Amino acid sequence: DSGVTQTPKHLITATGQRVTLRCSPRSGDLSVYWYQQSLDQGLQFLIQYYNGEERAKGNILERFSAQQFPDLHSELNLSSLELGDSALYFCASSRTELNTEAFFGQGTRLTVV
Amino acid sequence: GQNIDQPTEMTATEGAIVQINCTYQTSGFNGLFWYQQHAGEAPTFLSYNVLDGLEEKGRFSSFLSRSKGYSYLLLKELQMKDSASYLCAVSPMNTGFQKLVFGTGTRLLVSP
């Protein structure tokens, strides 16, 4: 158990819908990262937050957004869902931005039908 | 940009040694990471190399050569539980350490 908690574990929804994925980082970790893993693309960095502020952006679609709250948990919002958004979404956390080791949650498996 | 290449799949026998290679083309990076991922599970951190050379950590070692754009992960005394995907990743220059660019991973199958 990495100490990073993601909910829900599984999510099935229809095209065009909107979902919210939640991540609670390890106790004391200030930095949260979101990754998408699909079969054909591998693990792709989406976005990073540090102590409530957005720090880095990767290949995140405009239909996707995220935020980190004062209690440091983070949410990833996915809207106007398409079939291609079906993937495993991982959240990871680290103590600071300088830590080389990040701890991943177990992921949320999103299926868009 | 970054282009990371790893073999798609490898097989090895329990007790043996296996080397998983990773080559990359990048304009610069902070360091190179290796992660292990069992099917359907979260990636777990194995190693991080910033300088050239070998980093040893128990049965696992990782090597980096920046001049050759090359890294490898060496797994010794293979166990059945080592069957997993091994992901090579780089942390691009001028970004936080964890804005990682991953390769597609090498699936290792360890047989008895």
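The values are calculated or read from the model by the stated rules, or taken from the named source; none is laboratory data. Computed from a predicted structure; not experimentally measured. Because the Cβ atoms are built from the backbone with ideal geometry, glycine has one as well, and the counts that use them run over all protein chains shown.
One table, with the values for the structure above:
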| quantity | calculated |
| --- | --- |
| Set B:Leu32, B:Leu54, B:Leu87, B:Leu100: member being of a type in the set (A, V, I, L, M, F, W, C) and over 27 Å from A:Val32 (Cβ atoms) | B:Leu54 |
| Residues of region A:86-105 classified as under 20 Å from B:Ser47 (Cα atoms), touching a strand residue (DSSP E or B) at 6+ places or on another chain (Cβ under 7 Å) and in contact (Cβ under 8 Å) with a residue 24 or more places away in the chain, total | 11 |
| Considering residues of region A:53-64 that are surrounded by fewer than 17 Cβ atoms within 10 Å (Cβ to Cβ) and within 15 Å of A:Glu97 (Cα to Cα) only, the residue modelled with the lowest pLDDT | A:Lys57 |
| Among (1) of a type outside the set (Phe, Trp, Tyr); (2) free of Cβ contacts under 8 Å to residues at least 24 places away in the same chain; (3) touching a strand residue (DSSP E or B) at 6+ places or on another chain (Cβ under 7 Å), the one test that A:Val19 misses | (2) |
| Selected residue (criterion: modelled with the highest pLDDT) from residues of region B:84-100 that are assigned to a loop (DSSP other than H, G, I, E, B) and more than 7 Å from chain A (Cβ to nearest Cβ) | B:Met93 |
| Residue in region B:74-83 that is in a loop (DSSP other than H, G, I, E, B), of a type outside the set (Lys, Arg), surrounded by 14 or more Cβ atoms within 10 Å (Cβ to Cβ) and within 11 Å of chain A (Cβ to nearest Cβ) present | no |
| Unique match (being touching a Phe, Trp or Tyr at 6+ places or on another chain (Cβ under 8 Å), aromatic (Phe, Trp, Tyr) and farther than 15 Å from A:Arg22 by Cα) among A:Phe103, A:Phe90 | A:Phe103 |
| Unique match (being touching a strand residue (DSSP E or B) at 6+ places or on another chain (Cβ under 7 Å), more than 14 Å from chain B (Cβ to nearest Cβ) and crowded, with 17+ Cβ neighbours inside 10 Å) among A:Leu76, A:Leu83, A:Leu30, A:Leu43 | A:Leu76 |
| Filter pass, B:Phe33 being surrounded by fewer than 19 Cβ atoms within 10 Å (Cβ to Cβ), within 14 Å of chain A (Cβ to nearest Cβ) and at negative phi | no |
| Residues of region A:78-113 satisfying the condition of being among the polar types (S, T, N, Q) and at negative phi | A:Ser79, A:Ser86, A:Ser93, A:Ser94, A:Thr96, A:Asn99, A:Thr100, A:Gln106, A:Thr108, A:Thr111 |
| Residues located in region A:75-103, provided they are among the hydrophobic types (A, V, I, L, M, F, W, C) and at pLDDT 90 or above | A:Leu76, A:Leu78, A:Leu81, A:Leu83, A:Ala87, A:Leu88, A:Phe90, A:Cys91, A:Ala92, A:Phe103 |
| Selected residue (only one of A:Gln106, A:Gln67 is over 13 Å from A:Gln37 (Cα atoms) and at pLDDT 95 or above) | A:Gln67 |
| Unmet requirement for A:Ser80, which otherwise passes all of (1) in contact (Cβ under 8 Å) with a residue 60 or more places away in the chain; (2) in a strand (DSSP E or B); (3) not acidic (Asp, Glu) | (2) |
| Residue that is on the phi > 0 side of the Ramachandran plot and surrounded by 13 or more Cβ atoms within 10 Å (Cβ to Cβ), where the choices are B:Gly69, B:Gly58, B:Gly28, B:Gly53 | B:Gly69 |
| Any chance B:Glu41 is outside any strand (DSSP E or B), out of contact with any Cys (no Cβ under 9 Å at 6 or more places or on another chain), surrounded by fewer than 17 Cβ atoms within 10 Å (Cβ to Cβ) and free of Cβ contacts under 8 Å to residues at least 40 places away in the same chain | yes |
